[in-house]
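Below is one structure, written out as structure tokens, with a few remarks after it.
The values are calculated or read from the model by the stated rules, or taken from the named source; none is laboratory data. In this text, all values refer to a predicted model and were calculated from it rather than measured experimentally. Glycine also receives a Cβ, built like all others from the backbone with ideal geometry; neighbour counts cover every protein chain displayed. When the accessible area is computed, the model is the full protein with side chains, heavy atoms only, and any ligands, DNA or RNA have been set aside. Shrake-Rupley method; radii C 1.70, N 1.55, O 1.52, S 1.80 Å.
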Amino acid sequence: MTKAHFGLVGLGVMGENLVLNAERNGFSSVVYNRTYSKTEAFLNGRGAGKNISGAIDLRDFVAQLERPRRILMMVKAGTATDAVINQISPFLEEGDLLIDGGNSLFSDTERRVADLESKSFGYIGMGVSGGAKGALEGPSMMPGGTKVSYQAIESLLTKMAAQVEDGPCVTYIGPGGSGHFVKTVHNGIEYGIEQILAEGYDLMKRVCGMTCDEISTVFENWNKTEELSSYLVEITEICLRTKDPEDGSDLVEKIMDKAGQKGTGLWTVVSALQLGASVPTIYASLNGRVMSSMKQQRELAETILGKPNVKTTDLGSLSDGMAPIMDAVVLSTIASYAQGMEILRLASLEYNYNLNMTSIAQIWKGGCIIRSTLLNRIQDAYHQNPELPNLLIDPWFASQIQQRLAGLTKVVSIAAQSGIPVPCFSSTLDYINSYRTSRLPQNLVQAMRDCFGSHTYERIDKSGSFHTEWVD
Ligand code: NBP
């Protein structure tokens, strides 16, 4: 019997689509799923008539693969991934390669790489972005591990990946857990942009009194601009235009205002804090989800504290693309990317990942959820200066800030006067204002710390460490 080129473990929504993608690209495949009825259903359904066979257990699965074996796991992150590794490891041989394509915590991947490197087979931790459609048509993939292991699957991945004008949306990210780290940060940026777009919608609805169809038109127009053309703006337009088939009203207005925040968004913020990266826009989006989940408390508080008194105010018009709101959305989106790249820059130094920012921007340009035209500018910025400390000071991004800061400031101030929360917009404004201030008030913080705890302080007029007896 001819052996298959590629093996997939885990027939969830991602696994199903990825194996169909591999097969379409000429890689005969074998699939295994813990619950065999799903394997049967797949082989009789979407997998029927394709060069894909099924395996009833992992021994049979491994036996059906040509050597060296290339096996992609697409199972739930955490204990499920460890369970599959433990179950399949005894059957793997010299040169085989196991790839974890799930959303694993990067430190779990570091542990697994260290553990499995002592065995004879290779291990790759790979972030995959693009949802079901991306998985089928071409995702963005972020593989990390040893370069030798990556080279063993490079031809497979470059064929499966989304293709943009300057190449496939996959590249070798770096050693250890770097692939999953980059995917985590990608998701943190995604959290930020989703909240930013939701804040824009909320202002247009509540401050400007616009209908969902009108707001959708604004997003449609924004999607034609260099600054905002992106997948997330595109789907926001679709979500706002979609009607409830039951009564023809705006479907989005019937959806519960609660969003979850566990997993990659949380890990992004925790990593940022551990690395000392300033990520207020991304953190604000996470906190926005936390606050949204407190629905019952918010309903109670509204009856006790009174709901904000929203004032209808002019915030642009359809013809100018709601200019101040667009300014706020553009600068906050830039801040979200800038903060994500800052986490990557610091992680690269701390964990010796040797990340290539230009390549990372390139592979995010297609297939993934945060794909956008802006990534061309990000790619250019790091191409011009690989050591760029922060995107905000790249000349093109700096000019955006100069043009749009007044609009962002106006939006935050009107939102505050109307009692409308805009956590990402206001955090972005503070972020930019802090970043462009050479002297912040932390001199007083240092004085207080020395006053109560003799922590000492540095001076701006002479070097050394100083202490003052502040209290007699
Ligand atoms: P799920 O995250 O829902 O995982 C489903 C798969 O995990 C099924 O095949 C299930 O087998 C298997 N599984 C579980 Br649960 N526990 C297992 C165990 N102990 N041993 C073996 N298999 C086990 O599927 P998904 O949404 O396709 O996501 C797969 C991975 O990709 C996840 O890590 C996810 O975070 C990541 N991801 C998802 C997306 C997305 O848009 N959904 C995007 C990017 C990355 P069963 O059928 O027997 O229960």
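Beta carbons closer than 7 Å, at least 6 apart along the sequence or on distinct chains, never pair a first residue in the range 31-47 that is in contact (Cβ under 8 Å) with a residue 60 or more places away in the chain and part of a helix (DSSP H, G or I) with a second that is open to solvent by 30 Å² or more (accessible area, probe 1.4 Å) and not charged (D, E, K, R).
Checking the range 459-468 against the condition returns no match, with no residue being in a helix (DSSP H, G or I), at pLDDT 95 or above and farther than 29 Å from Met204 by Cα. Within the range 300-310, the set of residues being of a type outside the set (Ser, Thr, Tyr) and open to solvent by 100 Å² or more (accessible area, probe 1.4 Å) comprises Leu300, Ile304, Leu305, Lys307, Asn309.
Scanning the range 317-345 for residues that are open to solvent by 20 Å² or more (accessible area, probe 1.4 Å) and outside any helix (DSSP H, G or I) returns Ser317, Leu318, Ser319, Asp320. Of all residues in the range 346-398, those satisfying the criterion of being more than 21 Å from Val233 (Cβ to Cβ), of a type outside the set (A, V, I, L, M, F, W, C) and assigned to a helix (DSSP H, G or I) are Ser348, Glu350, Tyr351, Thr358, Ser359, Tyr382, His383, Gln384, Pro395. Across the range 412-423, the qualifying residues are those that are part of a helix (DSSP H, G or I) and over 14 Å from Ala198 (Cα atoms), and the one among them that is most open to solvent (accessible area, probe 1.4 Å) is Gln417. Taken over the range 5-21, the criterion of being more than 10 Å from the ligand (Cβ to nearest atom) and either crowded, with 24+ Cβ neighbours inside 10 Å or polar (S, T, N, Q) (or both) is satisfied by Phe6, Gly7, Val19, Asn21. The number of residues in the range 163-192 being part of a helix (DSSP H, G or I) and either under 14 Å from Gly101 (Cα atoms) or open to solvent by 10 Å² or more (accessible area, probe 1.4 Å) (or both) comes to 10.
Scanning the range 108-130 for residues that are open to solvent by 30 Å² or more (accessible area, probe 1.4 Å) and either within 16 Å of the ligand (Cβ to nearest atom) or assigned by TED's automatic domain parsing to the domain that holds Tyr351 (or both) returns a single hit, Asp108.
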